[in-house]
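The values are calculated or read from the model by the stated rules, or taken from the named source; none is laboratory data. A quick note: this is a predicted structure, and the numbers were derived from the prediction, not measured. Because the Cβ atoms are built from the backbone with ideal geometry, glycine has one as well, and the counts that use them run over all protein chains shown.
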Ligand code: ATP
């Protein structure tokens, strides 16, 4: 493992190739990580074999198996199955015990997550709950494509710029003076325009990253510019 500023994990072990584990393993492989994917079900392993560096059939709670697959040399371990609580806990504990420095474990419930954190998971994730949250918030603001919850009624949202914003400058939209929102950045194709100037003009296909209350986002995205003085 390299250290210092430029450190980036290279080897990742993923245990459990359900929908979440499979998409995590595939995406990591696509990003250039060396992925070892493990599942007890050989059909899942066969399906993953073409996409990852090493796909192995076996029990992710078996320490000898993990060592024989060199999981102990991984920079990151992902315990991607959460339905079997005992296996989820054991895999997490084992990965930490054999020396994986950063273990991310998937939880189904708060209690499950707390347990994983207590036994050493470095990060606990709740993909189902997060997906539900994103969907719930995106119903109140239709243009939202991604969302991070900050409080029950506010967050950071990535949204497609509404068609009626195209051609307007940020000055025209006057976000910060008329709404309790901050525009953090504009994503234009692959380009990120961080802290955009008020002269920046919205183009078709732009995505905006805003922080603030959901209600303000809803009003803003329906608006055509500065909120009229009440
Ligand atoms: P998802 O919602 O992502 O599909 P899930 O959290 O509901 O997954 P399961 O469907 O229970 O989890 O399991 C995900 C995968 O983990 C399955 O392919 C299963 O075969 C595998 N799995 C379960 N227990 C183990 C284990 N002990 N070792 C390795 N793989 C396991």
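Here are the numbers for the structure shown:
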read-out: All positions within region 118-130 that are over 21 Å from residue 148 (Cα atoms) and without any contact (Cβ under 8 Å) to a residue 24 or more places away in the chain; value: 118
read-out: Pairs, first in a loop (DSSP other than H, G, I, E, B) in region 30-53, second within 10 Å of the ligand (Cβ to nearest atom), C-beta under 6 Å, six or more apart; value: 40/59; 52/37
read-out: Qualifying residues in region 68-79 (those that are surrounded by fewer than 24 Cβ atoms within 10 Å (Cβ to Cβ) and within 15 Å of the ligand (Cβ to nearest atom)) - the one farthest from the chain's Cα centre (by Cα); value: 68
read-out: Qualifying residue in region 76-89 (condition: on the phi > 0 side of the Ramachandran plot and touching a residue at least 40 places away in the same chain (Cβ under 8 Å)); value: no
read-out: Checking residue 2 against (1) over 22 Å from the mean Cα position of the chain (by Cα); (2) surrounded by fewer than 19 Cβ atoms within 10 Å (Cβ to Cβ); (3) at pLDDT 95 or above, the condition it does not meet; value: (3)
read-out: Subset of region 80-112 (residues that are in a strand (DSSP E or B), more than 10 Å from the ligand (Cβ to nearest atom) and surrounded by 18 or more Cβ atoms within 10 Å (Cβ to Cβ)); value: 103, 104, 105
read-out: Hey, residue 81 touching a strand residue (DSSP E or B) at 6+ places or on another chain (Cβ under 8 Å) and at pLDDT below 95 or not; value: yes
